[in-house]
Amino acid sequence: GRALMVGDSLHHDILGAAAAGLDSLFVVDTGVHAKDLADVSEASVARLAAAEGVPVPTFVMRKFRW
């Protein structure tokens, strides 16, 4: 099967997903890094991930509702 790690922390959720070989979904607006990103563009997220020294998430979304 396939798994997707969903989280709001680059250092915990996204880094953990990468270490486990899983795809990741980074949720921006309500998360730990909400104030670090002006938008959810691929370039902005890639810059933040590089600055934080973590892998770029597979997917990014503004809000997540269950």
Test: residue in the range 35-58 that is surrounded by 15 or more Cβ atoms within 10 Å (Cβ to Cβ), in a strand (DSSP E or B) and within 10 Å of the chain's Cα centre (by Cα): no
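Using the structure shown, decide if Val32 is in a loop (DSSP other than H, G, I, E, B) and in contact with a strand residue (DSSP E or B) (Cβ under 6 Å, 6 or more places away or on another chain). Before the answer, list the steps.
Values: in a loop (DSSP other than H, G, I, E, B): yes; in contact with a strand residue (DSSP E or B) (Cβ under 6 Å, 6 or more places away or on another chain): no.
No; evaluated as a whole, the condition is false for this residue.
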In the range 36-61, the residues that are charged (D, E, K, R) and farther than 16 Å from Asp13 by Cβ: Asp39, Glu42, Arg47
Residue among Asp23, Asp39 that alone is acidic (Asp, Glu), free of Cβ contacts under 8 Å to residues at least 12 places away in the same chain and on the phi < 0 side of the Ramachandran plot: Asp39
Yes/no for Glu52 being in contact with a His (Cβ under 8 Å, 6 or more places away or on another chain) and either on the phi > 0 side of the Ramachandran plot or not hydrophobic (A, V, I, L, M, F, W, C) (or both): yes
Of all residues in the range 1-16 being part of a loop (DSSP other than H, G, I, E, B) and out of contact with any helix residue (DSSP H, G or I) (no Cβ under 9 Å at 6 or more places or on another chain), the one that is modelled with the highest pLDDT: Arg2
Test set (1) part of a strand (DSSP E or B); (2) open to solvent by 30 Å² or more (accessible area, probe 1.4 Å); (3) out of contact with any helix residue (DSSP H, G or I) (no Cβ under 8 Å at 6 or more places or on another chain); (4) not polar (S, T, N, Q) - Ala19 fails condition number: (1)
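The values are calculated or read from the model by the stated rules, or taken from the named source; none is laboratory data. This structure is a prediction, so every number in the text was calculated from the model and none was measured. When we count neighbours, we look across all protein chains shown, and the Cβ atoms used for this are built from the backbone with ideal geometry, even at glycine. Note: areas computed on protein heavy atoms with side chains; ligands, DNA, RNA excluded. Shrake-Rupley method; radii C 1.70, N 1.55, O 1.52, S 1.80 Å.
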